[in-house]
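To start, the structure itself, in structure tokens.
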Amino acid sequence: MAKKQTVSFTLNGTQVDVVVEPRELLIHSLREKLQHTGPHIGCETSHCGACTVDIDGMSVKSCTVLTVQCQDAEVLTIEGFEQGGELHALQEGFTQEHGLQCGYCTPGMITRAYRLLKENPSPSEEEIRYWMAGNLCRCTGYQNIVKAVQYAANKLSSASA
Amino acid sequence: MIPREFDYHAPQSIPDALGLLAQFGDEAKLLAGGHSLLPMMKLRLAEPGHLIDLGRIRELQGIREDGDTLRIGAMTTENQLIWSQLLQDKCPLLVEGARLISDPQVRYKGTIGGDISHGDPANDHPALMLALGASYVLQSASGERVVSADDFFVGMYDTLLQPDEIMTEIRIPAPAQGTGYCYAKLKRKVGDFATAAAAVTLRMQGETVQEVAIALTNVGACALRAREAEDALRGKTLDDAALAEAARLAMSICDPVEDQRGDVEYKTAMAGEMTRRALSTANSRATH
Amino acid sequence: MAASTDMLEREATLQGLGTSRLRKEDARFIRGKGTYIDDIKLPGMLFGAMVRSPYAHARIKSINKDKALAVPGVVAVLVADDLKPVKLDWMPTLGSDVQAVLADEKVCFQLQEVAMVIATDRYAASDGADMVEVDYEELPVLVDPHKAMDADAPIIREDIADKDEVGHGKRTHPNHIFTWEAGDKDATDSVFANAEVTVKEEILNPRVHPCPMETCGCVASFDKVTGQLTVYITSQAPHLVRTVVAMLSGIPESKIRIIGGDIGGGFGNKVPIYPGYVVAIVASIVTGVPIKWIESRIDNISTTGFARDYHGIGELAADKDGRIKALRFTALADHGAFNSHVSATKLPAGLFSICTGSYDIPTAYCRVDAVYTNKAPGGVAYRCSLRVTEAVYLIERMMDVLAQKLSIDKAEIRRRNFVNADKFPYSTSLGWTLDSGDYHTALEKVLQAVDYEGLRKEQAEKRAKGELMGIGLCTFTEIVGAGPTKVCDILGIGLFDSCDIRVNPTGSAIARLGTMSQGQGHATTYAQIIATELGLSSEEIQIEEGDTDKAPYGAGTWGSRSTPVAGAAAAMAARKIRAKAQAIAAHLLEVGEGDLEWEIDRFNVKGNPAQSKTMKEIALAAHTGDLPDGMEQGLDATEYYDPPNMTFPFGAYVCVVDIDRFTGETKVRRFYALDDCGTRINPMIIEGQIHGGLTEAFAVAFGQAIPFDENGNHLGNSLMDYFLPTAVETPHWETDHTVTPSPHHPIGAKGVAESPHVGGIPCFSNAVVDAFAHLGVTHMDMPHTAFRVWQQCKALGINTR
């Protein structure tokens, strides 16, 4: 059996260590060993985006990343969005605009939208659709997800103005 | 959907990586973005004993201009290509192509070098490289060699890259000012591979084609250079007859595999249609 | 009298019926705190991985577990023989058939369940599954349902080969499951024989899959000391699961607890009972520790709960003015290797007989023949009531075929045949009583909104230039809310539903229902119904579903039955409480009950509204000794609601497409959807449901199919090939509504989530075919992929310049 390794990284601002086989996928480490069950498994073939987390400033499908690749990384998951009892603008936007139904894709959607808004604080509808196309949703038809991202973009830009 | 066991290595430098490659030989696979290799490993279609992760080698990343040559580290990601102002200014075809690859998350991880060296005829960079006249730097413990994109692709998943070599850099001669370009890609949805696609670079002199390169994605065992179509266009006006002839000649070299995207006839026809559209768009973008 | 400001404020505080209040369930989902099946972890839990057949039809000669058992972490390997001692090797289906839990002697479809490897985690289980050695002997494969009843067809089900019936009448061939018919065949044949005009078309509803974001799975936990079995499961119908598990296992139903938890979408995929669940239960009974089984995406698409696969033939007879005189629809249904089609006992073809649609058709006949093939079992409803999409697709396509035959405009042909608004309740020639409708108003509103005449003009101009533009119409009537127990039962259990409400002393309440939300927002909408009925704030009304130890019995959430059946139960239970509250208020105010009138949240003394008791005050009083003589304490009620009829939502949709004849790509330029679901509980949630249903309809119309080769091998069962549109492909949706309440539902609501799927699919197809109508094309089968549309262009010689 391949030797297990200890991998250390920052998860939502907290230093964590996890002991894994090299083949362990990040989504399994997060969900099974680090009790972060917000990111979900939808397809295991990197098509659906339900497992999206943010690693070192990149939106990544954590079903297609090895935990051993995350040594010293900064990892953000949906569990890291609420700060001091305050919801993030995206979390608020998804509720206000009815951008979720079953909720399964929601953590990945919000995490992806977070990085999108960092890179493009005021995206057009077309840009939102293009840059959110790595996340599948079966319930909403995306229309209200677009509105939710726009809601957050407006709120964040008026807060920073 | 769980990979078999393997050992993981994360070298910090090219020599270290080459050393590991020499040590483990056929047992080893290089890990770039991982979005082709890891799914194959999860399906147990690939079962390497050792995985050598190139992600921590700084020298393999970055885009720079060296005289008339654009030099792109093999581990540069698709999103880095898309957001490069240098490429937008000097080689917008590469930006246009990268924007049509897979989806946003995959583009954060997927690399130009991984896309090329995988040798998958469905990947987009090979045709882009052919149209741009690129060459690749391949390093091994015994030194480095530079091979042209035209020679690199041998067949399905078969390239000139040897088991002891690593692709370290992609070199692209910066297209002359006023070069028209287009990557026309037909796909079923975001995230899909091309049903067929055509990459074109085009230099016009007035209404006459001065220089043209046409390359096709996913309609053969590897990316195809449509040389006869190119030859037929040089010195010609890009009128309907010329476009039709170029499309016909491009189709004549296609040998696609039937799958859920379409049958051989459809894919071949789409290679022709994408050729025609790429040429028209390139023409509209070229300086006349 | 105008409502006072005070009344408006009190009304607003309730956030009741008709308000777009935000969803109560969102709080956990936006924080990643939902509890889906794979989030459940129990101490000592083991993980099960399924070993599946690579062949579609083969005899199992031997299974060798030794190498698998030697893999570190592997605890057990279960095969059919291991299930026999506990008599769980075969299980009843929801379609009156039986299904092998693990393949017994032979496999009948590719990826059929053959063994389960139980291990300490999913990595070890996966390694173990790889090492199970199965020796197969391949058998001839039957893929094409049209050949299923040929004399020389391979016999798929040897276990029932000598049975002349599998629950639904006489069989005529070992691969025949049932023949079902409705209507008057002779009368219909006679109208057709004498008709001025007849049209006929072969119309396929391809095999598709609901494909929710979350796959199926369960955690089964059997306590050997207490004999208690707890199963966390992805089920849209937890109570039915409990009953089936009790029947199967012999464990008393009182010792079985089924828990639904949060469900990551269902769309019909999570109604049946799958082998994975049963093996996990057996494994837990055997090992005494909890067992988790989670399906992969490929297994999900390949083996659990496909939909449709109806090979239909539609025929209409009409006069020269396009007035329909008779309808004759038949279908060959491919049910796969086992009949696990979810169906009411008396309705093996579901509600297919709604196929007369929104039209006044005096004579009709329909028939469905179901057969076995070497494909996965299923035949669930994909975001529709049982076989309603198939029925609506046929009639809405055939309306266009008839219009084209007679050169009558496609809107006009519908106008001429609609059931008039003054004819409701309307009895169809196939036996349903449509509760309410106003089809003309809906259609005219939509035509005006999209400038239909202008679109037709533009289309004529485009056609003159050789361009392809299509305008699709669909004016559907759905049938939902199964259902009246005299018509509908599953395994003998009537499809009533239930609600149990308990009002607390401080005026908050908890309600438990027999349904199961998978994203529909029940925690919000049921609370809104109860809020308006009881005058308590929906914010303080807690809704619970899915835990069979807590909720009253109900048949679950599918077929848009939650609002029509359980929503009605909620209103009726609340009315029982309000009746008791009125008696308490009368007692407290020292007046007769008849002297009181209800106003938003309180009972007022008629003519003296200053004298009143609010529901909150009454709630407290109900928990004191100051009650009318002989009245018990408490303010609770339970309702088991058996609906008097189904409900019949309807809508009018228009779709405009532009087709690229050189690539075959279709662009949906516009989609306008008017839905009438009766009384609207939460407009925000309704709109969300419609967006989602239209998107799933778009996926079916333009890309979804489960293709096989001639050996029964899957040709596209991952998300690379199985089309789930992204935000880029998905069109923009425009929504509208009319309100025609159901006369028999307590609050007039009909259900809505399935309408956009059922109505959307024919609307898209009608638009695509309409783009080619001027070239003589009357029908094109789905999915309308670029490839297939290009083939149509090529057949017409318009694919080249």
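The values are calculated or read from the model by the stated rules, or taken from the named source; none is laboratory data. On a predicted model such as this, the values are computed, not experimentally measured, just so you know. Don't worry about glycine lacking a Cβ; one is built from the backbone with ideal geometry, like all the others, and counts go over all protein chains shown. Each accessible area value is taken on the protein alone, full model and side chains, heavy atoms only, with ligands, DNA and RNA left out. Shrake-Rupley method; radii C 1.70, N 1.55, O 1.52, S 1.80 Å.
Here is a yes/no grid of residues against (1) open to solvent by less than 10 Å² (accessible area, probe 1.4 Å); (2) outside the structural domain of C:F662 (by TED's automatic domain parsing); (3) free of Cβ contacts under 8 Å to residues at least 12 places away in the same chain; (4) in contact with a Ser or Thr (Cβ under 8 Å, 6 or more places away or on another chain):
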| site | (1), (2), (3), (4) |
| --- | --- |
| C:L694 | yes, no, no, no |
| C:V728 | no, no, yes, no |
| C:P762 | yes, no, no, no |
| C:H784 | yes, no, no, yes |
| C:R801 | no, yes, no, no |
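For region A:149-160, does any single residue satisfy the condition of being assigned to a helix (DSSP H, G or I), out of contact with any Gly (no Cβ under 9 Å at 6 or more places or on another chain), surrounded by fewer than 19 Cβ atoms within 10 Å (Cβ to Cβ) and within 11 Å of chain C (Cβ to nearest Cβ)? No: zero hits. A:N135 meets the conditions (1) more than 9 Å from chain C (Cβ to nearest Cβ); (2) assigned to a loop (DSSP other than H, G, I, E, B); (3) within 13 Å of the chain's Cα centre (by Cα) in every case but one. The failed one is (1). Of all residues in region A:13-33 being more than 11 Å from chain C (Cβ to nearest Cβ) and in contact with a strand residue (DSSP E or B) (Cβ under 6 Å, 6 or more places away or on another chain), which is surrounded by the most Cβ atoms within 10 Å (Cβ to Cβ)? In this case the residue turns out to be A:S29. Is it fair to say C:F178 is aromatic (F, W, Y) and surrounded by fewer than 22 Cβ atoms within 10 Å (Cβ to Cβ)? So C:F178 fails the test.
Of C:V279, C:V271, all but one fail to be of a type in the set (A, V, I, L, M) and within 22 Å of the chain's Cα centre (by Cα); the exception is C:V271. Checked against the criterion of being part of a strand (DSSP E or B) and not hydrophobic (A, V, I, L, M, F, W, C), the candidates C:Q542, C:Q528, C:Q520 yield just one match: C:Q542. With the requirement that a residue be of a type in the set (A, V, I, L, M, F, W, C) and in contact (Cβ under 8 Å) with a residue 40 or more places away in the chain, what does region C:216-240 give you? Passing the criteria: C:C216, C:C218, C:V219, C:A220, C:F222, C:L229, C:V231, C:I233, C:A237, C:L240. Entry remark, region C:628-653: residues being closer than 12 Å to C:K580 by Cβ and of a type in the set (A, V, I, L, M) number 3 in total. Taken together, B:L21, B:L54, B:L31 contain a single residue that is within 9 Å of another protein chain (Cβ to nearest Cβ), open to solvent by less than 20 Å² (accessible area, probe 1.4 Å) and either under 23 Å from the mean Cα position of the chain (by Cα) or in contact (Cβ under 8 Å) with a residue 60 or more places away in the chain (or both), which is B:L31. With respect to (1) under 30 Å from C:S436 (Cβ atoms); (2) more than 20 Å from the chain's Cα centre (by Cα); (3) within 14 Å of chain A (Cβ to nearest Cβ), the lone exception for C:Y640 is condition (3). Every test in (1) within 14 Å of chain C (Cβ to nearest Cβ); (2) crowded, with 24+ Cβ neighbours inside 10 Å is passed by B:T217 save one, and that test is (1).
Across region C:515-534, the qualifying residues are those that are open to solvent by less than 10 Å² (accessible area, probe 1.4 Å) and over 18 Å from the mean Cα position of the chain (by Cα), and the one among them that is farthest from C:G261 (Cα to Cα) is C:L534. Kindly establish whether C:G554 is assigned to a loop (DSSP other than H, G, I, E, B), at pLDDT below 95, under 20 Å from C:G494 (Cα atoms) and in contact with an Asp or Glu (Cβ under 9 Å, 6 or more places away or on another chain). Taking the combined requirement at face value, the residue does not satisfy it. Taking each residue of region B:222-245 that is at pLDDT 95 or above and looking for partners that are of a type in the set (K, R) with beta-carbon atoms closer than 6 Å, six or more apart or interchain, yields B:A242/B:K236; B:L243/B:R276.
For region C:732-754, a residue qualifies if it is within 14 Å of chain A (Cβ to nearest Cβ) and under 19 Å from C:F267 (Cβ atoms), and the qualifying residues are C:W733, C:V752, C:A753, C:E754.
To keep it simple, each residue is scored yes or no on (1) farther than 15 Å from C:A767 by Cα; (2) buried (at least 24 other Cβ atoms within 10 Å of the Cβ); (3) touching a Cys at 6+ places or on another chain (Cβ under 7 Å).
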site: C:A376; (1), (2), (3): yes, yes, no
site: C:V380; (1), (2), (3): yes, yes, no
site: C:E396; (1), (2), (3): no, yes, yes
site: C:M399; (1), (2), (3): no, yes, no
site: C:D409; (1), (2), (3): no, no, no
site: C:R416; (1), (2), (3): yes, no, no
site: C:N420; (1), (2), (3): yes, no, no
site: C:F424; (1), (2), (3): yes, no, no
site: C:S427; (1), (2), (3): yes, no, no
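Regarding region A:41-50, can at least one residue be identified that is on the phi > 0 side of the Ramachandran plot, within 8 Å of chain C (Cβ to nearest Cβ) and in contact with a strand residue (DSSP E or B) (Cβ under 9 Å, 6 or more places away or on another chain)? For region A:41-50, residues on the phi > 0 side of the Ramachandran plot, within 8 Å of chain C (Cβ to nearest Cβ) and in contact with a strand residue (DSSP E or B) (Cβ under 9 Å, 6 or more places away or on another chain): present. When region C:150-175 is limited to residues that are within 26 Å of C:Y55 (Cβ to Cβ) and of a type in the set (G, A, S), the one that is surrounded by the most Cβ atoms within 10 Å (Cβ to Cβ) turns out to be C:A153. Filter region B:105-120 down to the residues that are more than 8 Å from the chain's Cα centre (by Cα), open to solvent by 10 Å² or more (accessible area, probe 1.4 Å) and away from chain A (no Cβ under 14 Å) and list them by number. Passing the criteria: B:S117, B:H118, B:D120. Selection within region A:1-12: residues that are within 14 Å of chain C (Cβ to nearest Cβ) and within 20 Å of the chain's Cα centre (by Cα). The member of this set that is surrounded by the fewest Cβ atoms within 10 Å (Cβ to Cβ) is A:N12. Out of the residues in region C:687-712 meeting the condition of being within 19 Å of C:R308 (Cα to Cα) and of a type in the set (S, T, N, Q), tell me which one is nearest to the other protein chains (Cβ to nearest Cβ). Out of the qualifying residues, it is C:T695.
Residue count for region A:77-123 under the criterion of being polar (S, T, N, Q), more than 26 Å from C:S20 (Cα to Cα) and free of Cβ contacts under 8 Å to residues at least 60 places away in the same chain: the result is 3. Of all residues in region C:371-385, those satisfying the criterion of being farther than 9 Å from C:N339 by Cα and hydrophobic (A, V, I, L, M, F, W, C) are C:A376, C:V380, C:A381, C:C384. Comparison of C:D642, C:D595, C:D636, C:D629 shows that the only residue that is surrounded by fewer than 16 Cβ atoms within 10 Å (Cβ to Cβ) and charged (D, E, K, R) is C:D629.
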